[in-house]
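Worksheet for the structure shown next.
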Amino acid sequence: MIRRPLSCLSALLVLTLTPLAPGARREATEAAPAPTPTASPTPSRSQPAKKTPKPKKVRKPKASKTPRTKPTRSTPRVSRSTTATARPAYVSPRSYAKSVLSAAQFSCADAVFTRESGWSPYATNPISGAYGIAQALPAGKYASAGSDWRTNGVTQVRWGLSYMNARYGSPCGAWAFWQSHHWY
């Protein structure tokens, strides 16, 4: 039998697979030939194997688009803080109603609101709980006209006029109903 040099791994494999007598095992491990050096060392458990780098993805250049030109303004832009507000500030809820209604419609709305609340934004009916200038019941209905409905009489009048137009057709229709029923 010709003996060839074995690597450490193959020597161990041979030793573990071949049955030996109990006393011969020690002799076989001691008599195993030393491994011969090879061209490339085998990786050991203490040194991790080197990973091959992944190829980098090549990004394709995006198709060039024609640049958009922004329209130019003929007048300079003015900040909103210097311009007039959308809703002018009114001195009173009554002046707001006068500015959005005709004289005839205002006289009808004035008559209804005067009898209901005396134009007070804090008026509360002790029996029903109706609140504000238009005496909305429940009071939360005013919220559809603005978030400041609890304290702002203009917001309450805006909601009241909208209610009169939706239910009676106009403030004069609401006044005609009020005269016959003493509520609207």
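The values are calculated or read from the model by the stated rules, or taken from the named source; none is laboratory data. Small disclaimer: the values here were computed from a predicted structure and weren't measured. Positions of Cβ are generated from backbone atoms using ideal geometry, with glycine treated the same way; all protein chains shown enter the neighbour counts. We work out accessible area using only protein heavy atoms, side chains counted, and drop any ligands, DNA or RNA first. Shrake-Rupley method; radii C 1.70, N 1.55, O 1.52, S 1.80 Å.
What to note about this one:
- Test: residue in the stretch 163-173 that is open to solvent by less than 50 Å² (accessible area, probe 1.4 Å), among the aromatic types (Phe, Trp, Tyr) and in contact with a Lys or Arg (Cβ under 7 Å, 6 or more places away or on another chain): no
- Taking the criterion of being open to solvent by 30 Å² or more (accessible area, probe 1.4 Å) and closer than 18 Å to residue 120 by Cα, the only residue of the stretch 174-184 that qualifies is 183.
- Residues that are open to solvent by 20 Å² or more (accessible area, probe 1.4 Å) and either out of contact with any helix residue (DSSP H, G or I) (no Cβ under 9 Å at 6 or more places or on another chain) or not in a loop (DSSP other than H, G, I, E, B) (or both), drawn from the stretch 126-153: 126, 127, 128, 131, 137, 138, 139, 140, 141, 143, 144, 151
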